[in-house]
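**Student:** Structure below; questions to follow.
No lab work stands behind these numbers, since they all come straight from the coordinates. Here the structure is a predicted model, which means the values were calculated and not measured. Neighbour counts run over all protein chains shown; Cβ positions are idealised from the backbone, glycine included.
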Amino acid sequence: MDNIKIEKMSISDLDNISNILEREFDDFWNYNILKNELENPKAIYIICKKDDEIIGFAGITIILEIAELNNIVVKKSHRGKGISSILLSNIIEIAQKNNCEELNLEVAKSNEIAINLYTKFEFKQVGLRKKYYNGEDALLFTKKL
């Protein structure tokens, strides 16, 4: 995909998408949650821009040698175009550069698109959290780095 840039996410980036965040990206990751994440010294967030428009973001939290994937969110109008793969690839690289030994995540059992992405990147399912997402089970995945 042409004109794609990956950059570290800042509060000003969050401010730029704040008025469309819940409508065009995801209604779970609201402004205050993301602002707290960006202020967390253990968290690293990146954005994906196309022609200077923020079309996706992703973040991890690093505790010692373990990275936890917090989210990968793509603007609804840009889904299905490989943006999640670009973001995940960059997140894996960041975790490796920070000497992480593994990258963990959980995903709703019904989120087949995300599960397909994670298995494409060789994440292995290692567990299950019953009724984790408002009554829905979450699958736990890990990738050794």
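**Student:** Normalise the Debye intensity by I(0) for the chain, one equal point scatterer per Cα, no solvent, then take log10 at q = 0.14 Å⁻¹ and round to two decimals.
**Tutor:** -0.66
**Student:** Per DSSP H run of at least 4 residues, take -39500 (n - 2.57); add these up for the chain, divide by its residues and hand me the 222 nm value, nearest 500 deg cm²/dmol. List each step's numbers first, then the result.
**Tutor:** Numbers: 4 runs with 40 residues, N = 145.
Mean residue ellipticity, 222 nm, calculated: -8000 deg cm²/dmol.
**Student:** Evaluate the distance, in nm, between pseudo-label points positioned 7 Å from the Cα of E102 and of Q125 along their respective Cα→Cβ axes.
**Tutor:** It is 1.7 nm.
**Student:** Could you give each residue of the stretch 103-112 its phi-based ³J(HN,Hα) in whole Hz, using Karplus coefficients 6.51, -1.76, 1.60 with θ = phi - 60°, and x for Gly or Pro?
**Tutor:** 10, 10, 7, 10, 8, 4, 4, 7, 7, 5
**Student:** Charges only on Cβ, +1 for Lys and Arg, -1 for Asp and Glu: so what's the dipole of the stretch 4-104 about the Cα centre, in debye to the nearest 20?
**Tutor:** Result for the stretch 4-104 is approximately 300 debye, rounded to the nearest 20.
**Student:** Hey, can you grab everything whose amide H is under 5 Å from the amide H of L145? Only 5+ residues off in sequence or another chain; H modelled, so Pro and N-termini drop out.
**Tutor:** HN-HN under 5 Å from L145: E102, L103.
**Student:** If packing is taken as the average number of other Cβ atoms within 10 Å across a peptide's residues, how do 134-145, 49-60 rank, most packed first?
**Tutor:** Values: 134-145: 14.8, 49-60: 19.3.
Ranking, from highest mean packing down: 49-60, 134-145.
**Student:** Once you place label points 7 Å from the Cα toward the Cβ at N111 and N3, how far apart are they in nm?
**Tutor:** In this crude label model, N111 to N3 measures out at 2.9 nm.
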